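Structure, as structure tokens:
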Ligand code: SF4
């Protein structure tokens, strides 16, 4: 049989596993292990195993579509471009906003950023990192001077104490979970803290179940116990950090005694004591966290508390240690690195910094300049502006994002997007967001293009094209370049291929400056920062100094604050949300995979047996879950895995979309919504 094998990088989670796509007669028909990847060593999780199944789905978008009289009709590319250009040219810079994508390549995110700031002169560009790790970017930048995972994935296996908090690693990042198992086999203690007894809890030596939204109290309590026992790393604190006394003033308060923390969090005192002892006496120790930490109105506080704990223990800048923020989507790290954020250009160079602004204006050479040197709106703020200040934002260009499922309070998002005068969506499927668009542009998927993506561990890896896009679909970078040319900026978008775009990125981005496609074309690829072409890359950050100008890490005194919405008589339970092993994000890809979708065909709400009994609800029964934002009908899953008083829903399923219920209250700094805690009521559905 005439088969071709094309090595590429997984399009799902931020782990960055590699596999081969199997190609027959020009079409992707399967995946096969690629054993030379140091990340996954030939293993993949179910999502990776079946990552070929959606590629040739019959409902891929194959032609541009223009909405006429409320219905989409097929159009030529020229007709679609002409309409878009006519509309885009009619808006003032700040009436336009763009959403880039954590799913597409670095090159395409860079071009979308350049299009928004250069062609449209708009300040408003963001993407769904706002919804997952905006608090990591802001919190770690404040503590360490750099907002990314500090260590490598392989490094986790060298840890002697792995503390996982707010991450169901074995379902959300399964091949990182494998490294936890390897650490355990090497003798490491594994501590896990989460409101649910998950697949990750089953691997832990100590599992602490807690009420969602009490992370800061728990972390402060652990730090108090560590300091009381003299387990802090005094030399590290002295030489590498500042403001320890300010931290101490807060964490040593009676409020954070283990007895009080136990009352706040629900974790028994003896478990907190055991965790503090293992953290304090077993080195090196790594912390892994994900959206259980970040998706709160106190997301930045949570991240800074994690950073505080690791600085207190001296667990930074060395193998087996670190603050390991596990990024959700395949290229969410890269989209942030590429400046698809409202406050930075590539490599986190600030838009408001005069020198950085001039550098990009000069490098890009737009004859009529670029956006003002001012911060733009975050995606969550864009939605509020659309509903609250009609007429301020009028036009959006969304590439590869589906806020109609991914964002909190979906009814609010629908109202916001329907308030737009003109919406362009570029995607591979007719998503719930695309249905609201005026023009839909068909894009290529990961298997149909070359490019780079940057995984959670800052490893920049290549995608390799295995088949042509279906019908008339095009790669995102080609669409952006063609649109830019029609807008009159062909000279600023002269690229013949993605490598030329990457070379431009390397020129303007110090942390990528030493990277070339030639250097990336090897199994280990390169971790940023990689400042020169002879630099080996940086798997571990902060070895000698932190990234602040004085080289010191900064302790932050953080007080615990409850979530924005807490249970009351009307809505008596806490609702928390998350992901599962078999599905991905808004389900647009995994629900079109026959195997994955047949494994888990719909969503559910987890209810503790005691709560279910009190409510008269049976397992698998349809119930109505309601919050102040809306109601959905969803099957009940009665399980001891969730603690009494708390309920859990996966958010992948449009027919019981958890984000109808979630709260769009925002962290004041990162503007990330509080997906992880809101007040909910659940009722039996009674026949009318
Ligand atoms: Fe893909 Fe993540 Fe699974 Fe690896 S762990 S195969 S990157 S979904």
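The values are calculated or read from the model by the stated rules, or taken from the named source; none is laboratory data. What you see is a predicted model, and the numbers here were worked out from it, not measured in a lab. Cβ sites come from the backbone with ideal geometry, for glycine too, and all protein chains shown count toward neighbours.
For first residues located in segment 541-557 and at positive phi and modelled with pLDDT of 95 or more, partners that are surrounded by fewer than 18 Cβ atoms within 10 Å (Cβ to Cβ) and part of a loop (DSSP other than H, G, I, E, B) and lie 6+ apart or on another chain with Cβ distances below 6 Å form the pairs 551/545. The number of residues in segment 276-299 being at pLDDT 95 or above and crowded, with 24+ Cβ neighbours inside 10 Å comes to 6.
For segment 20-31, residues that are more than 10 Å from the ligand (Cβ to nearest atom), free of Cβ contacts under 8 Å to residues at least 60 places away in the same chain and surrounded by 17 or more Cβ atoms within 10 Å (Cβ to Cβ) total 3. Scanning segment 574-594 for residues that are within 14 Å of the ligand (Cβ to nearest atom) and either part of a helix (DSSP H, G or I) or farther than 24 Å from residue 431 by Cα (or both) returns a single hit, 590.
The sole residue among 230, 177 that is touching a helix residue (DSSP H, G or I) at 6+ places or on another chain (Cβ under 9 Å), without any contact (Cβ under 8 Å) to a residue 24 or more places away in the chain and outside the structural domain of residue 43 (by TED's automatic domain parsing) is 230. No other residue among 204, 188 is within 30 Å of residue 638 (Cα to Cα), outside the structural domain of residue 609 (by TED's automatic domain parsing) and modelled with pLDDT of 95 or more apart from 204. Being under 24 Å from the mean Cα position of the chain (by Cα), modelled with pLDDT of 95 or more and closer than 30 Å to residue 303 by Cα: is that true of residue 672 here? Against the criterion (under 24 Å from the mean Cα position of the chain (by Cα), modelled with pLDDT of 95 or more and closer than 30 Å to residue 303 by Cα), residue 672 does not qualify.
When the strands (runs of 3 or more DSSP E) confined to segment 600-688 are screened for residues that are without any contact (Cβ under 8 Å) to a residue 40 or more places away in the chain, surrounded by fewer than 19 Cβ atoms within 10 Å (Cβ to Cβ) and outside the structural domain of residue 127 (by TED's automatic domain parsing), those reaching at least 2 such residues are found at 631-638.
Residues are listed down the side, and each one gets a yes or a no for (1) modelled with pLDDT under 95; (2) closer than 14 Å to residue 458 by Cβ:
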site: 121; (1), (2): no, no
site: 131; (1), (2): yes, no
site: 144; (1), (2): no, yes
site: 156; (1), (2): no, no
site: 160; (1), (2): no, no
